[in-house]
1. Taking segment 14-46 on its own, how many of its residues are loosely packed, with under 13 Cβ neighbours inside 10 Å and touching a His at 6+ places or on another chain (Cβ under 7 Å)?
2. From the list Met30, Met1, Met63, which one is modelled with pLDDT of 95 or more and either of a type in the set (A, V, I, L, M) or touching a strand residue (DSSP E or B) at 6+ places or on another chain (Cβ under 9 Å) (or both)?
3. What residue, of Phe75, Phe42, Phe81, is in contact with a Gly (Cβ under 8 Å, 6 or more places away or on another chain) and hydrophobic (A, V, I, L, M, F, W, C)?
4. Tell me, please, whether a residue that is aromatic (Phe, Trp, Tyr) and at pLDDT 95 or above can be found in segment 79-92.
5. Hey, can you tell me all the residues within segment 93-123 that are surrounded by 13 or more Cβ atoms within 10 Å (Cβ to Cβ), among the aromatic types (Phe, Trp, Tyr) and closer than 17 Å to Thr21 by Cβ?
6. Which ones in segment 117-129 are within 12 Å of Leu83 (Cβ to Cβ) and of a type outside the set (Val, Ile, Thr)?
7. Tell me, which helices (runs of 4 or more DSSP H) wholly within segment 44-129 include 3 or more residues that are farther than 18 Å from Met34 by Cα and in contact (Cβ under 8 Å) with a residue 60 or more places away in the chain?
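The values are calculated or read from the model by the stated rules, or taken from the named source; none is laboratory data. Everything numeric here is computed off the predicted structure, so don't read it as measured data. We place every Cβ from the backbone using ideal geometry, glycine too, and count neighbours over all the protein chains shown.
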Amino acid sequence: MAINTNRPTSPHLQVYKLPLTGIISITHRMTGIMLTAGLILFVYVISALAGGADSYTAMQALMSLWLFKLVIWGFIYALFFHLCHGVRHLIWDSGSSFELDTLNRYAMIELAASLALTLMTFAWGYYGL
């Protein structure tokens, strides 16, 4: 039996454009992994608090670095994105909003809400608003 080598390979990866809902789904999984990895950071902070003044001072010095602050804000965004996507899944569990235009609109609302929640947390944390 001969193999037909002239058959099309569809969807071609260089032509195929992933829909917004697919990107959101992949991002939701990645933020779940990031949040799980963030638990290691959380355990470090808690152990530094329990370890006494020297370990707390070392942790504070690490937290003052700009890269560490960026990582913390990435975790905060991941938390809010994961939360908003979970709310979206709860809406889906009601059996509604499965039309394509509604899915795309909810995806945009999810992105905007998670960004807004992150910025509100930033304002609350740095400015006490």
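1. Residues flagged as loosely packed, with under 13 Cβ neighbours inside 10 Å and touching a His at 6+ places or on another chain (Cβ under 7 Å) within segment 14-46 amount to 0.
2. Numbers: Met1 fails: modelled with pLDDT of 95 or more; Met63 fails: modelled with pLDDT of 95 or more.
Selected residue: Met30, the only one of Met30, Met1, Met63 that is modelled with pLDDT of 95 or more and either of a type in the set (A, V, I, L, M) or touching a strand residue (DSSP E or B) at 6+ places or on another chain (Cβ under 9 Å) (or both).
3. Details: Phe42 fails: in contact with a Gly (Cβ under 8 Å, 6 or more places away or on another chain); Phe81 fails: in contact with a Gly (Cβ under 8 Å, 6 or more places away or on another chain).
Answer to the selection: Phe75.
4. Here is the first cut: in segment 79-92, the ones aromatic (Phe, Trp, Tyr) are 80-81, 92.
Now narrow it down to the ones that are at pLDDT 95 or above: 80-81.
Looking for residues that are aromatic (Phe, Trp, Tyr) and at pLDDT 95 or above, one finds at least one in segment 79-92, hence yes.
5. Tyr106
6. Passing the criteria: only Leu117.
7. Correct list: 100-127.
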